[in-house]
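Chemist: The structure is given below, and queries will be raised subsequently.
The values are calculated or read from the model by the stated rules, or taken from the named source; none is laboratory data. It should be emphasised that the depicted structure is a prediction, and the values quoted were computed from it without experimental measurement. All Cβ positions, glycine included, derive from the backbone under ideal geometry; neighbour counts span all protein chains shown. Keep in mind that these areas ignore ligands, DNA and RNA; they rest on the heavy atoms of the full protein, side chains included. Shrake-Rupley method; radii C 1.70, N 1.55, O 1.52, S 1.80 Å.
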Amino acid sequence: MTAYPLLESIADPADLRRLPREQLPRLAAELRAFLLETVSKTGGHLSSNLGTVELTIALHYVFNTPEDRLVWDVGHQTYAHKILTGRRLDMARLRMKDGPSGFPRREESIYDTFGVGHSSTSISAALGMAVAVRDKGEDRRVVAIIGDGAMSAGQAFEALNNAGVIDANLLVILNDNDMSISPPVGALNKYLARLLSGRAFNAARKAGEKVLSVAPSLLELAKRAEEHMKGMVVPSTLFEEFGFNYIGPIDGHDLDSLIPTLENLRALKGPRFLHIVTKKGQGYKLAEADPVRYHGVSQFDAANGIEAGKGGGKLTFTQVFGDWLCDMAAADERLVAITPAMCEGSGMTRFAESYPKRFFDVGIAEQHAVTFAAGLACEGKKPVVAIYSTFLQRAYDQLIHDVALQNLDVTFAIDRGGIVGADGATHQGAFDLSYLACVPNLVIMAPADEAECRRMLTTAYHYPGPAAVRYPRGAGPAVPPAPTLDALEIGQGEIRREGKDVALLVFGTLLQAAMQAGEALDATVANMRFVKPLDRALIRQLAQSHARLVTIEENAIIGGAGAEVARALEEMGLCRPLLRLGLPDRFIEHGEQSQMLAALGLDAAGLLERITRFCQT
């Protein structure tokens, strides 16, 4: 690995704060080079982390961390933070089993003040910390760092609204790296940012308000004059209406601007809002040119970049959905597709290009996405909501109240069901079968392979009410889908292998591992397909012809498909020994998918061992 002499001298932020300011640009260059070298070997989030190098250095340089609290949003931009807070040597195992998480985690470091992974939580959490600090009489600062994408979500604005009322000592930093809400305007803007954040300006403003408070008309006139002068060189902003002292925008890569502005803001009280502008992929030309491609990367050659069109060679479930979406749209002009800011991740790029008027990326707004789909369905459209399993959790009330309760025709294509791998606990799709199974009117399917996934999507689309298809991340067993749009019989499973004594009832892609275990055990293996409605006739048949039953799913055991099978057996009066296999009652950490499944006993060897033990009792 390349030597990084300045970076290697920093074991924690206290070392950083001892550096002369003139050495910080060199540190930024080393840190950026180190990020590129390590992430190209481990995979991870690259563009966003390259874009926040200077901001991270400035924050730890100005603020007395960890006593001062830094609360990062999402966490896609925190690798530099991890490196500067004592985890540099651990980055070689980033997102690997027993290595550091790709997101901030309270269990991992005292510098990770709040665990994140989903967006738009930072201001709420930081506000809670700021209020607690105030009530305890402690002298510490609290800073929330949020991106422009995350700022679009409702929770961020709910927190801003509350912060202005509470009047807590909180600094919010908006890292604007894509929307360019307002571009920086050069040296004058830099000067004004320092001026507006300085104590002299704010002391004068407060004194003026006190004097003019006896004459309300003059006070209002003065405020209008101030806003007019500020509006000439900085954007008039919604954030001041929330009660924040707004500063910016400033160049987020200019340490000579960032540091004095942050120093001024650290000395101020009350709600403050700093707007910085950064560039995703900063310092790595390939990422600057294509920040989406370099947002989340697998291992690649940093010198040559990601090879265009290079992939794993296997058809993924996400691609199956993307192809099906285009084919179904061609067959039915009523189809419209919705995603909450996951166009590329959900496999919708081709659809968006082919049917731009029928494609809706609503931003990081999962609740809105679901209710928006409900409104479309009310008027005869056929909405398909493409969403990750853990992101749908954020719209659970909307799914129940706005879609299922009204029995509206909305199709949910739920990606990343089950173990997702390197993204870890915040992104594992462990709960969707549990939280969906209890919702009336909802049809729920889990495909065993790619071909079945396409057929299930068609089934869900033609069903005249809410229906969900949940499928895993990555490739399946390589069963090519037919080009047709054939549906399945709702609520009907199938027997894939005839055996004796024990029957394995499998929901989803663990069918392949179950088939291997079934061969060794001479067990019957059933592909159940539907979690709701269950194939009760098949369950009855298997219970009556086998001494023992085993359910297998890549979902939490509590409340999942196995629990529904147990309920069905109870209601049918069929008492049989039943083993339910799935994800345990704990959060599953990060690691490679197959590695994690093996550790959980859900690969072929693990299933065989656990079922054999069950049969011997």
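Chemist: Between THR349 and LEU600, with labels modelled 7 Å along Cα→Cβ, what's the label distance in nm to one decimal, could you check?
Modeler: With each label point 7 Å from Cα toward Cβ, the separation is 2.9 nm.
Chemist: Answer with one residue from GLN492, TRP72, GLY417: the one whose Cα lies farthest towards the positive end of the charge dipole of the chain, charges on Cβ with Lys, Arg +1 and Asp, Glu -1.
Modeler: TRP72
Chemist: Antiparallel versus total DSSP beta bridges in the chain: what percent is that, nearest 5? Intermediate results must be reported in sequence, preceding the final value.
Modeler: Working: 10 of 64 bridges.
So the antiparallel bridges in the chain amount to around 15 percent.
Chemist: Just the accessible area for GLU564, please: 1.4 Å probe, Å², rounded to the nearest 10?
Modeler: Result for GLU564: roughly 30 Å² accessible.
Chemist: Hey, can you grab everything whose amide H is under 5 Å from the amide H of ARG69? Only 5+ residues off in sequence or another chain; H modelled, so Pro and N-termini drop out.
Modeler: ARG141, VAL142, VAL143
Chemist: Rounded to the nearest 10 Å², what accessible area does SER48 have for a 1.4 Å probe in the complete protein model?
Modeler: 10 Å²
Chemist: Continuing with this model, one more query. Can you tell me which of 605-615, 103-113 comes out highest on packing, and rank the rest after it, using the mean Cβ neighbours within 10 Å? All intermediate terms of the calculation are to be shown ahead of the outcome.
Modeler: Values: 605-615: 16.8, 103-113: 18.4.
Descending mean neighbour count gives 103-113, 605-615.
Chemist: To continue, here is another question. Please list, ordered by chain and number, the residues whose modelled amide H lies under 5 Å from the amide H of ASN555; skip anything fewer than 5 residues away on the same chain.
Modeler: When sequence neighbours closer than 5 places are left aside, the close amide H contacts are LEU583.
Chemist: When the helix-only estimate is applied to the chain (DSSP H runs of n ≥ 4, each -39,500 (n - 2.57), divided by the residue count), what is the mean residue ellipticity at 222 nm, nearest 500 deg cm²/dmol?
Modeler: Details: 25 runs with 249 residues, N = 617.
Calculated from helices alone, the mean residue ellipticity at 222 nm is -12000 deg cm²/dmol.
Chemist: State, as an integer percentage, the relative contact order of region 248-311 based on alpha-carbon contacts under 8 Å between residues 6 or more apart.
Modeler: Numbers: 37 pairs, mean separation 16.8, N = 64.
Once normalised by length, the contact order is 26 percent.
Chemist: For the charge dipole of the chain, defined by +1 on Lys and Arg C-beta atoms and -1 on Asp and Glu C-beta atoms about the Cα centroid, which residue among LEU436, ILE539, TYR355 has the Cα displaced farthest towards the positive pole?
Modeler: Toward the positive end, the furthest listed residue is LEU436.
Chemist: Which whole-number percentage describes the relative contact order of the chain, with Cα contacts under 8 Å and a sequence gap of 6 or more? Provide the component values of the computation, followed by the final result.
Modeler: Values: 1229 pairs, mean separation 68.7, N = 617.
For the chain, the relative contact order is 11 percent.
Chemist: How large is ³J(HN,Hα) for each residue in region 488-498, as worked out from phi by the Karplus curve 6.51 cos²θ - 1.76 cosθ + 1.60 (θ = phi - 60°), to whole Hz, x for Gly and Pro?
Modeler: For region 488-498, the Karplus curve yields 9, 6, 5, x, 10, x, 8, 8, 8, 8, 8 Hz.
Chemist: Here is a follow-up. So how much slack lies between LEU405 and GLU592, counting 0.36 nm per residue of separation and subtracting their Cα-Cα distance, in nm?
Modeler: Details: separation 187, 0.36 × 187 = 67.32 nm, distance 3.84 nm.
Net length gain for the segment: 63.5 nm.
Chemist: Share of the chain's accessible area from carbon and sulfur, percent, 1.4 Å? Write down the numbers at each step before the final one.
Modeler: Numbers: 13430 of 25210 Å².
With neighbouring chains kept in place, the figure for the chain is 53 percent.
Chemist: Among LEU399, TYR461, ALA329, pick out the residue whose Cα is farthest towards the positive end of the charge dipole of the chain, where Lys and Arg carry +1 and Asp and Glu carry -1 on C-beta, about the Cα centre.
Modeler: Of the listed residues, the answer is LEU399.
Chemist: Continuing with this model, one more query. Any idea how far apart LYS314 and GLU107 come out in nm if each label point goes 7 Å out from Cα toward Cβ?
Modeler: The answer from the label model is 2.8 nm.
Chemist: Take the alpha carbon atoms of region 473-587, find their radius of gyration, then divide it by 2.2 N^0.38 Å using N residues; give the quotient.
Modeler: Working: Rg = 14.2 Å, N = 115, 2.2 N^0.38 = 13.4 Å.
Relative to the rule-of-thumb radius for its length, region 473-587 sits at 1.06.
Chemist: Would you kindly work out the equivalent ellipsoid of the chain from its C-alpha gyration tensor and give its semi-axes, the square roots of five times the eigenvalues, largest first in whole Å? Numbers along the way, then the final one.
Modeler: Numbers: eigenvalues 486, 150, 101 Å².
Over the Cα atoms of the chain, the ellipsoid semi-axes are 49, 27, 22 Å.
Chemist: Let me ask something additional. With r defined as the distance between the Cβ atoms of ALA3 and GLN23 and R0 fixed at 22 Å, what FRET efficiency is calculated, to the nearest 0.05? Could you put the intermediate results ahead of the total?
Modeler: Numbers: r = 16 Å, r/R0 = 0.74.
The value I calculate is 0.85.
Chemist: Using all alpha carbons of region 355-454, what is the percent of pairwise distances in each 10 Å bin, ordered from the shortest bin to the longest?
Modeler: Bin by bin from 0 Å, the calculated values are 14, 47, 33, 6, 0.
Chemist: From the cross-link list LYS97/LYS314; LYS41/LYS82; LYS279/LYS357; LYS285/LYS314; LYS314/LYS357; LYS280/LYS314, which pairs have alpha carbons spaced over 21 Å apart?
Modeler: LYS97/LYS314; LYS279/LYS357; LYS285/LYS314; LYS314/LYS357; LYS280/LYS314, as the Cα separations exceed 21 Å there.
Chemist: Roughly how many nanometres apart are two label points built 7 Å out from the Cα toward the Cβ at ALA267 and ASP522?
Modeler: My value for the distance between the label points is 8.5 nm.
Chemist: Moving on. Over what distance in Å are the Cα centres of region 342-395 and region 16-72 separated?
Modeler: Here the answer is 35 Å between Cα centres.
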